[in-house]
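The values are calculated or read from the model by the stated rules, or taken from the named source; none is laboratory data. None of the values given here were measured: they were computed from a predicted structure. Note that we place each Cβ from the backbone using ideal geometry, even for glycine, and neighbour counts take in every protein chain shown.
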Amino acid sequence: MGHIQDRWWRPKSDESGKPVLDGKGKPVRERTELHGVGMRYKVRYVDPSGQERSKSFPDKQRGAAEAFLLKVENEKRTGTYLDPEAGKVSFRVYSDAWLQDQAFDGSTRNAVERRLKKLVYPYIGDREIGSILPRHIRGWLRTLQQKKLAGGTRAVTFVHVSAIFNAAIDDKKISENPCKAKSVTRPQPDKRKIVPWSAGKLAAVRLALTAKYKIVVPLAAGCGLRQGEVFGLSMDDVDRDEKVLHVVRQVRVVDNVQVFAPPKGGKERDVPLPDSVLRDLDA
């Protein structure tokens with residue numbers, strides 16, 4: 001159990017060390033050498049790790065000191081105590097450590113790291129993670145909006161930042177996620193209507209490509225493959241009997257190097273293979 005030390009006054013003792021009492025039987029107090037110097041009350045307590053800690057309060061703030069001690073002891077009992085030093089790590093330092101612990105694939109890791117360095121760290125990276133308030137998040141989001149960044153970019157970056165704060169809560173660095181405050185409006189991706197290219201535009205693009213790359217147009221338009229899936233296709237993935245393409249890989253860029261990887265989300269699939277696309281593949 002913690003206690004409150006009065007640094008300005010102490011019980012007076014006689015030569016034998018016994019407390020001196022007044023005429024009413026109450027202890028007599030005397031000034032200490034620190035009387036009038038610095039903070040008067042010092043709350044001393046032992047945290048859950050066994051380390052002794054303290055916090056000081058000025059004169060006439062005995063009630064505040066008692067309330068703080070009561071709060072600390074209650075948090076220790078309920079398991080919600082936070083080390084007051086834990087939240088002093090910068091958002092940048094904690095986020096870099098968080099990123100290293102994530103089981104992202106290479107390209108996803110690169111993308112998250114790029115967004116943090118470009119869109120987050122310049123604004124809140126050097127702040128202590130325990131000092132970041134909802135108003136800092138609102139200001140950061142407003143800045144991204146003023147830069148006219150796409151809603152999708154702002155939304156996915158916000159998800160990263162909120163996940164980092166959630167991890168900090170789990171790690172006992174902070175008690176609340178400022179991204180989840182009611183005053184913070186979560187950015188939403190822009191709603192865009194997808195308009196397929198016309199046959200004329202497809203033909204024009206295909207005509208403009210060199211012979212080596214013309215095949216990407218029918219694969220994308222005729223089979224609905226993503227760009228990386230087009231680049232990762234092998235003729236071994238063509239099932240002539242069933243008239244399907246087995247989509248089992250894609251090409252991604254990791255650390256500026258092109259590598260093979262599973263399809264998005266690790267989901268392999270089969271897609272219909274029109275005769276016209278098969279003829280183009282054969283050609």
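Would you pick out the residues in region 241-269 that are surrounded by 10 or more Cβ atoms within 10 Å (Cβ to Cβ), over 36 Å from the mean Cα position of the chain (by Cα) and not β-branched (Val, Ile, Thr)? Of everything in region 241-269, those that are surrounded by 10 or more Cβ atoms within 10 Å (Cβ to Cβ), over 36 Å from the mean Cα position of the chain (by Cα) and not β-branched (Val, Ile, Thr) turn out to be Glu242, Lys243, Leu245, His246. For region 128-161, the candidate set comprises residues that are surrounded by 15 or more Cβ atoms within 10 Å (Cβ to Cβ) and among the charged types (D, E, K, R); within that set, the residue that is nearest to Glu85 (Cα to Cα) is Glu128. So, in region 70-82, of the ones that are touching a Pro at 6+ places or on another chain (Cβ under 9 Å) and outside any helix (DSSP H, G or I), which residue ends up surrounded by the most Cβ atoms within 10 Å (Cβ to Cβ)? Per the stated criteria, the residue is Tyr81. All conditions in (1) more than 30 Å from Arg142 (Cβ to Cβ); (2) loosely packed, with under 10 Cβ neighbours inside 10 Å hold for Ile194, with the sole exception of (1). Got at least one residue in region 100-121 being hydroxyl-bearing (Ser, Thr, Tyr) and at pLDDT below 95? Yes, some residue in region 100-121 is hydroxyl-bearing (Ser, Thr, Tyr) and at pLDDT below 95. For region 100-116, residues that are exposed (fewer than 13 other Cβ atoms within 10 Å of the Cβ) and either part of a helix (DSSP H, G or I) or touching a His at 6+ places or on another chain (Cβ under 9 Å) (or both) total 3.
Would you check if Ala97 is surrounded by 15 or more Cβ atoms within 10 Å (Cβ to Cβ) and closer than 27 Å to Lys173 by Cβ? Before you say what the answer is, go through the steps one by one.
Details: surrounded by 15 or more Cβ atoms within 10 Å (Cβ to Cβ): no; closer than 27 Å to Lys173 by Cβ: yes.
In short, no.
Which one is surrounded by the fewest Cβ atoms within 10 Å (Cβ to Cβ) among residues in region 117-127 that are in contact with a strand residue (DSSP E or B) (Cβ under 8 Å, 6 or more places away or on another chain) and either charged (D, E, K, R) or not in a helix (DSSP H, G or I) (or both)? Show your work before the answer.
So the first thing to find is which residues in region 117-127 are in contact with a strand residue (DSSP E or B) (Cβ under 8 Å, 6 or more places away or on another chain), and the list is 125-127.
In the following step, the residues that additionally are either charged (D, E, K, R) or not in a helix (DSSP H, G or I) (or both) were identified as 126-127.
Details: Asp126: 11, Arg127: 14.
That would be Asp126.
Does Val28 meet the test of being β-branched (Val, Ile, Thr), in contact with a strand residue (DSSP E or B) (Cβ under 7 Å, 6 or more places away or on another chain) and over 24 Å from Lys173 (Cβ atoms)? Judged against the criteria, Val28 is a match. Collect the residues in region 1-31 that are out of contact with any Asp or Glu (no Cβ under 6 Å at 6 or more places or on another chain), surrounded by 14 or more Cβ atoms within 10 Å (Cβ to Cβ) and over 21 Å from Val72 (Cβ atoms), keeping them in residue-number order. Answer for region 1-31, where residues must be out of contact with any Asp or Glu (no Cβ under 6 Å at 6 or more places or on another chain), surrounded by 14 or more Cβ atoms within 10 Å (Cβ to Cβ) and over 21 Å from Val72 (Cβ atoms): Trp8, Arg10, Arg29.
Checking each residue in region 102-134 for being of a type in the set (Gly, Ala, Ser) and in contact (Cβ under 8 Å) with a residue 40 or more places away in the chain picks out Gly106, Ser107, Gly130, Ser131. Scanning region 1-15 for residues that are more than 30 Å from Ser49 (Cα to Cα) and at pLDDT below 85 yields a total of 2.
Cβ contacts < 7 Å: first residue assigned by TED's automatic domain parsing to the domain that holds Lys18, restricted to region 29-51; second residue β-branched (Val, Ile, Thr), any location; separation 6+ or different chain. Result? Close Cβ pairs satisfying both conditions: Tyr41/Ile4; Val43/Ile4; Tyr45/Val72.
Give me the strands (runs of 3 or more DSSP E) completely within region 27-69, filtered to those with at least 1 residues that are of a type in the set (S, T, N, Q), closer than 17 Å to Gly2 by Cα and under 32 Å from the mean Cα position of the chain (by Cα), ordered by residue number. Talk me through it step by step, then tell me what you get.
Numbers: elements: 29-31, 41-46, 52-57.
Here the list reads 52-57.
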